[in-house]
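Presented below is the structure to which this report refers.
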Amino acid sequence: MLGGTPPAYVGRVPRRGLVPSHRGPAGRFTRYNSYVATRKSNLAKTKCALCGAKEVSEPRGEERYCRDCWEKKIAVEEIVAREFALKRYIRAHSAEKYLVYHSTIKRPCGQIIVVDDGYDLFLTMVLYPNFGWEEAAYHLEGDPEGRTFAEILVDVVATEVIEPWGGGKWHLEIFRSANPEPENWNGEM
Ligand SMILES: [Zn+2]
């Protein structure tokens, strides 16, 4: 996923995770809810992938989990996400640069460049090979849908970088660096 042609995340927030609008209470997406309600009445009830007991209700539009298990999954993802720290070291009028740290290693494991052209945000994420970006970020018994650390980092960036810039349309490209870690800048690192 992260080699060769960079995956394009254009103008969308991650499918689920830390972005508050994804976790809103039932009823927030009025139009969507009515669609889901209509569709549900035509389908056989499906049991939650995690507990296998309750009926699915989350996430909206692609229900696979019951409310309780979904909230548990989101809580686990939030804990995993907090292991990342984004440290801004360049702040310009229309651009920023961050180093990405993970609690398990001392050296930075990635960097993020944000450019605002006045209309859209353009983000470039560089991931260093000193961290297991493609590893599953957590394991839940029976979960059909795991997430990698790289995917969790996209959530973190949406929350800590994109939202403070005011949201709006944004574009994200992810590159893998061949260098083991960021070069030193001015001996500050
Ligand atoms: Zn469940």
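The values are calculated or read from the model by the stated rules, or taken from the named source; none is laboratory data. The structure displayed is predicted, hence computed values, not measured ones. No Cβ is skipped: glycine too gets one built from the backbone with ideal geometry, and neighbour counts run over all protein chains shown.
What is the one condition in (1) over 20 Å from Lys72 (Cα atoms); (2) assigned to a helix (DSSP H, G or I) that Trp133 does not satisfy?
That leaves (2) as the condition not met.
Going by the conditions given, is Glu141 part of a loop (DSSP other than H, G, I, E, B) and touching a strand residue (DSSP E or B) at 6+ places or on another chain (Cβ under 8 Å)?
Judged against the criteria, Glu141 is not a match.
Could you list, in sequence order, the residues of region 97-108 that are modelled with pLDDT under 95 and charged (D, E, K, R)?
If the condition is that a residue be modelled with pLDDT under 95 and charged (D, E, K, R), then Lys106, Arg107 are the ones that fit.
Considering only residues that are more than 9 Å from the ligand (Cβ to nearest atom), surrounded by 14 or more Cβ atoms within 10 Å (Cβ to Cβ) and closer than 24 Å to His102 by Cα, which ones fall in region 51-77?
Across region 51-77, the qualifying residues are Lys73, Ile74, Val76, Glu77.
Go through region 78-109 residue by residue and tally those that are of a type outside the set (A, V, I, L, M, F, W, C), within 21 Å of the chain's Cα centre (by Cα) and either within 16 Å of the ligand (Cβ to nearest atom) or not in a helix (DSSP H, G or I) (or both).
So the count comes out to 12.
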